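Everything on this sheet refers to the single structure shown next.
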Amino acid sequence: MGLDEIIVTQAIVDRFMEKLKACLKLDVAIVGAGPSGMVAAYYLAKSGHKVAIFERKLSIGGGMWGGGMMFNQIVVQEAGKHILDEFGVRVYPYKEGYFTADAIEATTMICAKACQAGVNIFNCISMEDVVVREGRVCGLVINWSPVETTGLHVDPLTIHAQYLIDATGHHTELIKVIERKADGKLFTPTGKIVGEKSLWAEVAETTTVENTKEAYPGAFVCGMAANACFGSYRMGPIFGGMLLSGKKVAQLIQERLKS
Ligand code: 48F
């Protein structure tokens, strides 16, 4: 069989457009393909919801690839281990209550299972704005990341979604845009982003799950963005809280979508 480069090009363009067009109206749009965003997406897709992740970088995985200081191993505590088990990630006991996993295996297995559960991942696409109607978010404004990084003057496109999730990590980028652009206050004690505190793994791991909630009508926070938004500590390279937070935000939104 001869190979026709035009068929290769047509196949890529057609299939990408099919995928994008199928995602113009979503149940849930997630910003950020780090561990919390991918876990959230997996559980939402598994329960039959239409979900897509928009990730600024070419690679998915956020801070999970690099383990701690590029030693590409992660630590997970007892409470989060069952989630790595569900994704088929091999987990090794270290000391009582502490487990390790290979950061590359954890990232790729979570991503693969999420894709197979029906999650649509759009990499190289950044969230640059939100759609707000009557005090509630109902969509994302997106653009190619190179447009953002090179400062090109190109108008973005729009995605509608019933719920948005900020899974952008330390920078809590989605909520920052909402804080700047939407009328009304965030559901934080100050009505604004409270901001991330210093590193305290024990407290941060608990609060990242507690702070996983709605931060503005229709917009939820998970992972490190939850602690940055509601004002708690960072935790460093321990990932149980990220996984549990992703699962929790999926459950909270599943409940809302049912009602
Ligand atoms: O930072 P990140 O991994 O978020 P997370 O799920 O996990 C945090 C941990 O990795 C680690 C930690 C340890 O426990 O504290 O930091 O909370 O992933 C966030 C992803 O969001 C993308 C970013 O490139 C990264 O992959 N992102 C950030 N802003 C945007 C974005 C944006 N405006 N549009 C699209 N993607």
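General remarks:
- Scanning the stretch 132-171 for residues that are hydrophobic (A, V, I, L, M, F, W, C) and within 15 Å of the ligand (Cβ to nearest atom) returns VAL137, LEU140, VAL141, ILE142, TRP144, VAL147, LEU157, ILE159, ALA161, LEU164, ILE165, ALA167.
- Selection from the stretch 44-61 of residues that are over 12 Å from CYS111 (Cα atoms) and in contact with a helix residue (DSSP H, G or I) (Cβ under 9 Å, 6 or more places away or on another chain): LEU44, ALA45, LYS46, SER47, HIS49, LYS50, VAL51, ALA52, GLU55, ARG56, LYS57, LEU58
- Verdict on MET1 being in a helix (DSSP H, G or I), away from the ligand (no atom under 15 Å from the Cβ), without any contact (Cβ under 8 Å) to a residue 60 or more places away in the chain and among the aliphatic types (A, V, I, L, M): no
- Test set (1) within 16 Å of the chain's Cα centre (by Cα); (2) buried (at least 21 other Cβ atoms within 10 Å of the Cβ) - LYS176 fails condition number: (2)
- Evaluation of TRP200 against the conditions (1) more than 14 Å from the ligand (Cβ to nearest atom); (2) closer than 27 Å to THR107 by Cα; (3) aromatic (Phe, Trp, Tyr) shows that the sole unmet condition is (1).
- Lone qualifier among LEU252, LEU243 - being surrounded by 24 or more Cβ atoms within 10 Å (Cβ to Cβ), closer than 19 Å to TYR43 by Cα and within 17 Å of the chain's Cα centre (by Cα): LEU243
- Matching residues, the stretch 32-52, being more than 15 Å from ILE253 (Cα to Cα) and in contact with a strand residue (DSSP E or B) (Cβ under 8 Å, 6 or more places away or on another chain): GLY32, ALA33
- ILE142 meets all of the listed conditions (1) touching a Gly at 6+ places or on another chain (Cβ under 8 Å); (2) within 22 Å of GLU18 (Cβ to Cβ) but one, namely (1).
- Pairing residues of the stretch 23-41 that are touching a residue at least 24 places away in the same chain (Cβ under 8 Å) and part of a strand (DSSP E or B) with residues that are among the aromatic types (Phe, Trp, Tyr) and away from the ligand (no atom under 14 Å from the Cβ), at Cβ distances under 8 Å and at least 6 apart in sequence or on separate chains, gives ASP27/TYR163; VAL28/TYR163; ALA29/TYR163.
- Scope the stretch 8-64; condition within 14 Å of the ligand (Cβ to nearest atom) and surrounded by fewer than 18 Cβ atoms within 10 Å (Cβ to Cβ); matching residues: LYS57, LEU58, SER59
Where a number appears in this text, it was derived from the coordinates with a stated rule and is not lab data. Since we're looking at a predicted model, the values are computed, not measured. Note that we place each Cβ from the backbone using ideal geometry, even for glycine, and neighbour counts take in every protein chain shown.
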